[in-house]
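Asker: Let me give you the structure first, and then I'll get to my questions.
None of the figures in this text is laboratory data; all of them are computed from the coordinates on show. Given the structure is predicted, the values throughout are model-derived calculations rather than measurements. For neighbour counting, all protein chains shown are included, and Cβ atoms are generated from backbone atoms with ideal geometry for every residue, glycine included.
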Amino acid sequence: MQLIETVSGIRRWREAQGSRSVGFVPTMGYLHEGHLSLVRRARAENERVVVSIFVNPTQFGPHEDYATYPRDLKRDLQLLDREDVDAVFAPSVEQMYPPGYATYVSVEGPLTEGLCGAFRPGHFRGVTTVVLKLFLLVQPTRAYFGEKDYQQLQVVRRMTQDLHLPIEIVGCPIVREPDGLAMSSRNVYLNEAEREQSLSLVRALDLAEGRIQKGERDAARLRELLQEHFARYPAVRVEYIEFVDAETLEPLDRLRGSVRLALAVRIGRTRLIDNRGFQIPEE
Ligand code: AMP
């Protein structure tokens, strides 16, 4: 497995692969089984696999956790080596954003205005900018993203389609801890009491699923039910509970077709998100 830390290095690596298929998994490192599920899928579907590890400063707000975001490159490299990854691209901030850097790409409109976009101004602009830069360097055949960050997946799909990028975007299911918490590098921030309260997220998804299966289609009633649910967890502050169209991410009053329930909460200083998809049968 090659460790590549420069823009010129990843260019050379890509050129050497010629017409071989390349699967790409962009990450911010501090890897867990969620990341590794993407890597395994990429490994199964491509001749070459490249993983990027880059904590991208442009997707963090000024009061967010960029400085304290967990990092452990040595351990990440060991994990990726075991997954038979061909190359790891781990550039410095100076490589990706040299002095004078001034170019950004953004997806506009409802896809980035709602959900996390409303609470993290500029976040998706940072994501699309770095993902496009990485795509142009790695020129992957396929790129793998987790449904854990469902809005990000839809935003990247939109950008790829809008810019005619010849890349297949592959969405992968959420990997969870045995007790149901969605795996996230940020889970290490949680203390014992917060870790217990973090289960409110998956329990909310289960609660909604039960009601939807029983026929509830009114988004306002479901949201109220979930508000009451979260009120039983004193450490949890809800940012949003939204039922949205799974493709456009526009909020729904009545559930129909392909629906996504998206949740964001704060527990102490940690922000956690989770989501689940529902197919509503025709009435
Ligand atoms: P991150 O390092 O948090 O930027 O995540 C890198 C990629 O891994 C993104 O496409 C995430 O959606 C994906 N990912 C993170 N956590 C999970 C998870 N629990 N299950 C599936 N994919 C995940």
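Asker: Which order do peptides 93-99, 273-279, 135-141, 25-31 fall in by mean Cβ count within 10 Å, highest first?
Answerer: On the way: 93-99: 12.9, 273-279: 17.9, 135-141: 20.0, 25-31: 23.1.
Final packing ranking: 25-31, 135-141, 273-279, 93-99.
Asker: Based only on the alpha carbon positions, what is the Kirkwood hydrodynamic radius of the range 127-283, in angstrom? Working shown, then result.
Answerer: Details: mean 1/r = 0.0592 Å⁻¹.
Answer for the range 127-283: a Kirkwood hydrodynamic radius of 16.9 Å.
Asker: Run the numbers for Leu136 and Glu45: contour at 0.36 nm per residue of separation, minus the present Cα-Cα distance, in nm. Numbers along the way, then the final one.
Answerer: Values: separation 91, 0.36 × 91 = 32.76 nm, distance 2.04 nm.
That works out to 30.7 nm of additional length.
Asker: Once you sort the root eigenvalues of the Cα gyration tensor of the range 54-117 as a ≥ b ≥ c, which label holds: rounded (a/c under 1.5), prolate (a/b larger than b/c) or oblate (the other case)? Provide the component values of the computation, followed by the final result.
Answerer: On the way: a/c = 1.89, a/b = 1.64, b/c = 1.15.
Taking the square roots of the gyration eigenvalues as a ≥ b ≥ c, the range 54-117 is prolate.
Asker: Separate question: Can you work out the FRET efficiency for the pair Ala102 and Lys214, with r the C-beta to C-beta distance and R0 = 45 Å, to the nearest 0.05? Before the final figure, lay out each step's value.
Answerer: Values: r = 53 Å, r/R0 = 1.19.
In this case the efficiency is close to 0.25.
Asker: Still on this structure, I have one more. Order the peptides 179-189, 68-78 from the highest to the lowest mean number of other Cβ atoms within 10 Å of their residues.
Answerer: Numbers: 179-189: 17.3, 68-78: 13.6.
In descending order of packing, they fall as 179-189, 68-78.
Asker: Further question on the same structure: For the range 89-168 and the range 63-87, write down the distance between their C-alpha centroids in whole Å.
Answerer: The two parts, judged by their Cα centres, are 19 Å apart.
Asker: Calculate log10 I(q)/I(0) of the range 11-64 for q = 0.23 Å⁻¹, where I(q) comes from the Debye formula with a single equal point scatterer on each Cα and nothing for solvent.
Answerer: The calculated log intensity ratios at q = 0.23 Å⁻¹ are -0.91.
Asker: Something else about it: Between Glu33 and Arg82, how high is the FRET efficiency from 1/(1 + (r/R0)^6) when r is the Cβ-Cβ distance and R₀ = 22 Å? Nearest 0.05. The partial results should precede the final answer.
Answerer: Values: r = 12 Å, r/R0 = 0.56.
Once the sixth-power term is evaluated, E becomes 0.95.
Asker: Something else now. Over the Cα atoms of the chain, Rg to Rh with Kirkwood Rh, two decimal places? Please report the intermediate quantities before stating the final value.
Answerer: Details: Rg = 19.2 Å, Rh = 19.8 Å.
We get a ratio of 0.97 for the chain.
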